[in-house]
1. Among the residues of the range 543-562, which ones are of a type outside the set (A, V, I, L, M) and surrounded by 23 or more Cβ atoms within 10 Å (Cβ to Cβ)?
2. Provide a single number: the residues in the range 1-28 that are at pLDDT below 95 and out of contact with any Pro (no Cβ under 9 Å at 6 or more places or on another chain).
3. When both residues are 6+ apart or on different chains and their Cβ atoms are under 6 Å apart, which pairs have a first residue that lies in the range 399-421 and is under 19 Å from residue 480 (Cβ atoms), and a second that is part of a loop (DSSP other than H, G, I, E, B) and open to solvent by less than 10 Å² (accessible area, probe 1.4 Å)?
4. Can you tell me which residues in the range 84-108 are assigned to a strand (DSSP E or B), open to solvent by 20 Å² or more (accessible area, probe 1.4 Å) and over 19 Å from residue 185 (Cα atoms)?
5. Report whether or not residue 113 is β-branched (Val, Ile, Thr), open to solvent by 10 Å² or more (accessible area, probe 1.4 Å) and within 30 Å of the chain's Cα centre (by Cα).
6. Search the range 374-389 for residues being small (Gly, Ala, Ser) and assigned to a helix (DSSP H, G or I), and hand back the single one that is surrounded by the most Cβ atoms within 10 Å (Cβ to Cβ).
7. Please specify each residue of the range 68-78 satisfying the condition of being farther than 26 Å from residue 211 by Cβ, assigned to a strand (DSSP E or B) and open to solvent by 40 Å² or more (accessible area, probe 1.4 Å).
Amino acid sequence: MADTTVRPAAPEEFPLHVLREYAFIADGERGALVGPRGDIAWMCAPRWNSDAVFSALIGGGGRFAVTPRSRPFVWGGYYEEDTLIWHSRWITNSRVIECAEALAFPGDPHTVVVLRRIEAVKGDSEVDVVLEPRAGFGKHKMSRISREHGVWTARCGPLYVRFSGAETASAADGVLRMILPVKQGSAHDLVLEISDVPLQETPVDAEEAWQATRNRWERVIPHLTDTIADSEARHSYVVLQGLTSSGGGMVAGATMSLPERSWQNRNYDYRYAWIRDQCYAGQAVAACGAFPLLDDAVSFVSARILQDGPDLKPAYTITGGAVPGEQSLDLPGYPGGADKIGNWANEQFQLDAFGEALSLFGAASGRDRLDTEHWGAVEAAVSAIEQHGMDADAGIWELDNKRWAHSRLSCVAGLRAVSRHAPARQAARWSTLADSILADTSDCLHPSGRWQRAPDDPEVDAALLMPVLRGAVPPTDPRAEATFAAIMEELSEDRFMYRFRHDQRELGDAEGAFLLCGFMTSLSLHQRGREVEANRWFERNRSACGPPGLFSEEFDTSQHQMRGNMPQAFVHALMLETAKRLAEPWTQQ
């Protein structure tokens, strides 16, 4: 006889896992992380930077779980090809159970639709279903719960909730629970709708939503076949697409507060669109073709530059709004971390963003993707560099205001990139400006002949690889050669790259390897014709992920664990670009 006892959704039933074991689903307007026990441990609604309704990942409340009742089980999973449709897969001693997970795509800015389809692959199975949304990072549980014609409706703080496919569930204390039997070879659909506006009268039809989601993924993802790692390159493109809203803004990461280093106060909120990161993504896509994500990047970045000019902020909400200041939620946080919402980068000036924007526009022009309005943004960015190109700024790593070499060299690279596609008079003026800024970086020349980080900071920085990749100077320039040699000597270890030395500790003791810099190193080796080494670096860094193939910002090489927010957009962008560029001789975009 089947056990019909409904177990409570106690926290110990859904313990936190290492980041490599979470899968990511998204629809462009928001995303979710799904754990190995079928628990959605993170999702904000209705938008990326809204309060979370499932925040167990950082010690808040709320979860939506589909978990096999048979014990013990082992977990695995896979994505349907070129989609963010994840299949959680559990194997017991006698059964195989799968749950297809997706956010209905494309997403509605006001309403998230979570699709879950449970299938008994081998043997009759039972799963526990627990639905407990808690709006406001756990503050508000479900209320006004009612059921009509087998469909549940409720309120959750300011949000509207509807849950279909759970006719036999029971409700108590803001939680819906159900034991769901599934016969071998059959499937059962669950559909959760959460919105900040009243829901449409008719519930979402599961079959129609699944079909529309699959069709949409098929239409928007290009079939890249000319890279050195086609499936991984396409997966990175898929992740970037999932992080990009219908308005073109791409969030830097789906999560917040995940620690880069335990108890070091390095946990941030990345649910916003960083100009630099989106420029990296756009340039990566441009290396592959004139695909829609390139147009999204150009559109979003140019709109922000035209809107704010020299007052361009480092980051915006995906709708182009201001990023709120940093504050605490008074939650426990992910183990080793602390909860933070908002980001203090909103108060910074980051000069390199203008240079990266110009490099993006240059790459887009090479694909014939700039119109008159975009060229207006080019002029505005150049004007900002004319005004501030030699000023101190917070830099790529968002530190103290200094005259960072990387920031100025990024402007040089951007000016040169866009000059290649401009009318002669403008090209000459912009090239002259680039030469002036390049000469200004002489205050960052180390006695050894390499660039140092800033006039008062003699250390080397892996970020200095990027301007050379983008064409600030040829790789044969003596300063570039000396800088590259110093970076390889001082900041690399076992084909992983670190940003810079924090102090006298071993590299891996201060922070994790920085995967963005690892892929930059691979490209730098390729640029210099060192193909075997370039491929070895690429293979090493693309291994720094978990079973779902997602990258975080950093990688702990001793424990082989992901660190920081995930998935990290700029790492996936550089992975995509490196996979494409290594497949053919180096050319300067």
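1. Initial filter on the range 543-562 (of a type outside the set (A, V, I, L, M)): 543, 545-549, 551-561.
Passing the criteria: 545, 551, 552, 553, 554, 555.
2. 14
3. 404/395; 407/351; 407/395; 409/472; 411/389; 412/472; 413/472
4. Once the filter is applied, which keeps residues that are assigned to a strand (DSSP E or B), open to solvent by 20 Å² or more (accessible area, probe 1.4 Å) and over 19 Å from residue 185 (Cα atoms), the range 84-108 yields nothing.
5. Details: β-branched (Val, Ile, Thr): yes; open to solvent by 10 Å² or more (accessible area, probe 1.4 Å): yes; within 30 Å of the chain's Cα centre (by Cα): yes.
Judged against the criteria, residue 113 is a match.
6. The initial filter retains those residues of the range 374-389 that are small (Gly, Ala, Ser), namely 376-377, 380-381, 383-384, 389.
When the remaining residues are screened for being assigned to a helix (DSSP H, G or I), the result is 376-377, 380-381, 383-384.
Working: 376: 13, 377: 24, 380: 20, 381: 29, 383: 14, 384: 21.
For the range 374-389, the residue satisfying everything is 381.
7. We begin by selecting, within the range 68-78, every residue farther than 26 Å from residue 211 by Cβ; these are 68-75.
Of the ones still in play, those that are also assigned to a strand (DSSP E or B) are 68, 74-75.
Within the range 68-78, 74, 75 qualify.
So that you can scan it fast, the table gives a plain yes or no per residue for (1) in a loop (DSSP other than H, G, I, E, B); (2) open to solvent by less than 50 Å² (accessible area, probe 1.4 Å); (3) in contact with a helix residue (DSSP H, G or I) (Cβ under 7 Å, 6 or more places away or on another chain); (4) closer than 30 Å to residue 562 by Cβ:
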residue	(1), (2), (3), (4)
294	no, yes, yes, yes
301	no, yes, yes, yes
318	yes, yes, no, yes
331	yes, yes, yes, yes
336	yes, yes, no, yes
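The values are calculated or read from the model by the stated rules, or taken from the named source; none is laboratory data. The structure presented is a predicted model; accordingly, all values stated were derived computationally and were not measured. Don't worry about glycine lacking a Cβ; one is built from the backbone with ideal geometry, like all the others, and counts go over all protein chains shown. Just so you know, the surface numbers come from the protein's heavy atoms only, side chains and all, with ligands and any DNA or RNA stripped out. Shrake-Rupley method; radii C 1.70, N 1.55, O 1.52, S 1.80 Å.
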